[in-house]
1. Can you say whether residue 30 is assigned to a loop (DSSP other than H, G, I, E, B) and of a type in the set (Val, Ile, Thr), as far as the supplied structure shows?
2. Among 112, 74, which is the only one that is at pLDDT 95 or above and among the acidic types (Asp, Glu)?
3. Could you check the range 64-81 and list, in sequence order, the residues that are among the charged types (D, E, K, R) and under 13 Å from the mean Cα position of the chain (by Cα)?
4. Can you tell me how many residues within the range 73-91 are surrounded by fewer than 17 Cβ atoms within 10 Å (Cβ to Cβ) and touching a residue at least 60 places away in the same chain (Cβ under 8 Å)?
5. Across the range 108-153, what is the total count of residues that are open to solvent by 40 Å² or more (accessible area, probe 1.4 Å), assigned to a strand (DSSP E or B) and of a type in the set (A, V, I, L, M, F, W, C)?
6. Would you confirm whether or not the range 78-92 contains a residue that is part of a strand (DSSP E or B), touching a helix residue (DSSP H, G or I) at 6+ places or on another chain (Cβ under 7 Å) and hydrophobic (A, V, I, L, M, F, W, C)?
7. Quick one: in the range 35-55, which of the residues that are of a type in the set (Asp, Glu) and part of a loop (DSSP other than H, G, I, E, B) is surrounded by the fewest Cβ atoms within 10 Å (Cβ to Cβ)?
8. Within the range 56-72, count every residue that is open to solvent by 80 Å² or more (accessible area, probe 1.4 Å) and part of a loop (DSSP other than H, G, I, E, B).
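The values are calculated or read from the model by the stated rules, or taken from the named source; none is laboratory data. Fair warning: this is a prediction, and the values are worked out from it, not measured in the lab. Please note: Cβ atoms are built from the backbone with ideal geometry, for glycine as well, and neighbour counts cover all protein chains shown. Only protein heavy atoms, including side chains, enter the accessible area calculation; ligands, DNA and RNA are left aside. Shrake-Rupley method; radii C 1.70, N 1.55, O 1.52, S 1.80 Å.
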Amino acid sequence: MSTNPLGSTTPTQIGLVVPNIEEAVQAWSTLLGVPQPDIVITDTVDRAHTEHNGQSTPARAKLAFFPMGQVTLELIEPIGEPSTWNDQLVQYGPSLHHIAFEIKGMAERVEELAQHGLKLVQRGDYTGGRYAYLDGQQKFGAVIELLENDSVS
């Protein structure tokens, strides 16, 4: 095992699950004094290859992103289930879902983090990369998200 199984010490995103993204976007825009960002919907399972607990899932999410320097605030409204987003919202209500880190070598990172007790709960693809959510709720107080962006040549 490496001395840094995460492969990064720099958080790039904080994700919050919310029941109504339009209301949350308006509230955060007002609080931060910034324009409202666009709300996007994640790709369908045929494009995103979304898996929850090792099984394909049609779950999607509405997302909005607030750039805040080094860290981006991501608001997430679950659409359908099963998903880690919906699980979080049902269990805890609007709350912190994840802290994300950009990494390289997704498969190796997921495998090594499993040896540290971080179980893969959801993964998928997005245009330009892939993500993985590891269950760090009990041990770390949040899901740990790994983001691996494809290199642009």
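1. On the way: assigned to a loop (DSSP other than H, G, I, E, B): no; of a type in the set (Val, Ile, Thr): yes.
Answer is no for this residue.
2. On the way: 112 fails: at pLDDT 95 or above.
Of 112, 74, the one residue that is at pLDDT 95 or above and among the acidic types (Asp, Glu) is 74.
3. Of the residues in the range 64-81, the ones among the charged types (D, E, K, R) are 74, 77, 81.
Matches in the range 64-81: 74, 77.
4. The total comes to 1.
5. Of the residues in that region, 1 qualify.
6. Here is the first cut: in the range 78-92, the residues part of a strand (DSSP E or B) are 78-79.
Okay, now just the ones that are also touching a helix residue (DSSP H, G or I) at 6+ places or on another chain (Cβ under 7 Å), so 78.
Right, trim to hydrophobic (A, V, I, L, M, F, W, C) and you get none.
No, every residue in the range 78-92 fails to be part of a strand (DSSP E or B), touching a helix residue (DSSP H, G or I) at 6+ places or on another chain (Cβ under 7 Å) and hydrophobic (A, V, I, L, M, F, W, C).
7. Taking the range 35-55 as the starting set, the residues that turn out to be of a type in the set (Asp, Glu) are 38, 43, 46, 51.
Imposing the further condition that a residue be part of a loop (DSSP other than H, G, I, E, B) reduces the set to 38, 43.
Details: 38: 9, 43: 15.
Going through the qualifying residues, I end up with 38.
8. Pass one, the range 56-72, residues open to solvent by 80 Å² or more (accessible area, probe 1.4 Å): 56, 58, 67-68, 70.
When the remaining residues are screened for being part of a loop (DSSP other than H, G, I, E, B), the result is 58, 70.
Within the range 56-72, residues that are open to solvent by 80 Å² or more (accessible area, probe 1.4 Å) and part of a loop (DSSP other than H, G, I, E, B) number 2.
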